[in-house]
Amino acid sequence: MTGAATGPMIRTIDLTKNYQVGPETVHALAGLSVDIEEGEFVAVMGPSGSGKSTFMNLLGCLDTPTSGHYELAGERVSEQTTDQLAKTRNRKIGFVFQQFNLLPRVSALDNVALPLMYGRVPRVERHRLAREALKAVGLGDRMGYHPQQLSGGQQQRVAIARALVSQPAMVLADEPTGALDTRTGIEIMALFQTLNKQGITLVIITHEAEVAKYAERHILFRDGQLISDERVADQGDAAADLAALHTRQEAAQ
Ligand SMILES: Nc1ncnc2c1ncn2[C@@H]1O[C@H](COP(=O)(O)OP(=O)(O)O)[C@@H](O)[C@H]1O
Ligand SMILES: [Mg+2]
């Protein structure tokens, strides 16, 4: 992991983001101060329009704040230029999206290898790393498949492998189970829990309590403000829940 020896993985200090819509200023993020440590598994929750995606875009270096500071692994990100931000993003952050965002016309292997194209990794090495990442998400036997030949859950696994392939400091996921049925959603959460146990820092956005219960910390937004920040007392075990679901289905047949 690339976290600094001291200090949190993420530190935001009075971070704000305003959008100007005609004469109106929308305070999408209204002065957020939060620390996230290396190795944490955080769920960002809140109703639609509460600022979750805005927060994610700032954490992911996809956007710049109106004011305030953001430090990622000891680096002051909020003062970086667009070029520097792009480098930080490629080196330190893996992204997972609701709609998977895979390239439709290329194999799972090439989708996963794609982020390494920007990092001057030789082709043979790119494919070796992509194979490893696909094995890590349980898709060692689907490397040559194109996205439309895979189920939704498998496509999301490919996207997770792509997020992991450059060994980022953290993975950000915006509604990663939003396009999946309940059971497949739990499967993805089981994978996230496995990755988190291996030390990966995870920040996922969700508005579903059934998904958030597998994280270890809940950050709740309303109207661009953090209204609660709690360690989860009874974190769910997604693998155990899947096994129980399986047993119930067998009994029902
Ligand atoms: N590009 C934009 N331009 C104007 N307003 C925006 C833009 N993006 C988000 N907003 C507004 O900022 C607020 C927070 O949005 P968002 O972060 O997408 O919330 P969430 O992800 O929790 O649904 C909302 O009021 C939304 O309408
Ligand atoms: Mg959103």
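Tabulated data for the structure shown
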read-out: Of Thr66, Gly144, Ile13, farthest towards positive along the dipole that unit charges on Lys, Arg, Asp, Glu beta carbons give the chain; value: Gly144
read-out: Full-stretch length increase - Thr247, Gln149 - with 0.36 nm per residue and alpha-carbon distance subtracted; value: 32.5 nm
read-out: Structure-based [θ]222 nm, the chain - -39500 (n - 2.57) summed over DSSP H runs of at least 4, per residue, nearest 500; value: -10500 deg cm²/dmol
read-out: Accessible area of Ser33 in the full protein assembly, 1.4 Å probe (Å², nearest 10); value: 80 Å²
read-out: In order through the stretch 109-121: 3J(HN,Hα) via Karplus (6.51 cos²θ - 1.76 cosθ + 1.60), integer Hz, x for Gly, Pro; value: 4, 6, 4, 6, 6, 3, x, 6, 4, 7, x, 6, 7
read-out: Among beta bridges that DSSP assigns inside the stretch 10-252, antiparallel share in %, nearest 5; value: 55 percent
read-out: Per residue accessible area of the chain, 1.4 Å probe, in Å²; value: 49 Å²
read-out: For the stretch 15-60 and the stretch 166-184, distance of Cα centres in Å; value: 18 Å
read-out: Apportionment of accessible area to carbon and sulfur, the stretch 10-252, percent (1.4 Å); value: 49 percent
read-out: Gln84-Ser48 pseudo-label distance in nm [points 7 Å out on the Cα-to-Cβ vector]; value: 3.8 nm
read-out: The chain: projected area of the alpha-carbon convex hull, averaged over directions, in nm²; value: 15.2 nm²
read-out: The stretch 119-238: antiparallel DSSP beta bridges as a percent of all, rounded to 5; value: 55 percent
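The values are calculated or read from the model by the stated rules, or taken from the named source; none is laboratory data. For clarity, every value in this text was computed on a predicted model and none was experimentally measured. Here Cβ is always computed from backbone atoms with ideal geometry, including for glycine, and neighbour counts include all displayed protein chains. Ligands, DNA and RNA are stripped out before the accessible areas are found, and what is left, the full protein with its side chains, is counted by its heavy atoms. Shrake-Rupley method; radii C 1.70, N 1.55, O 1.52, S 1.80 Å.
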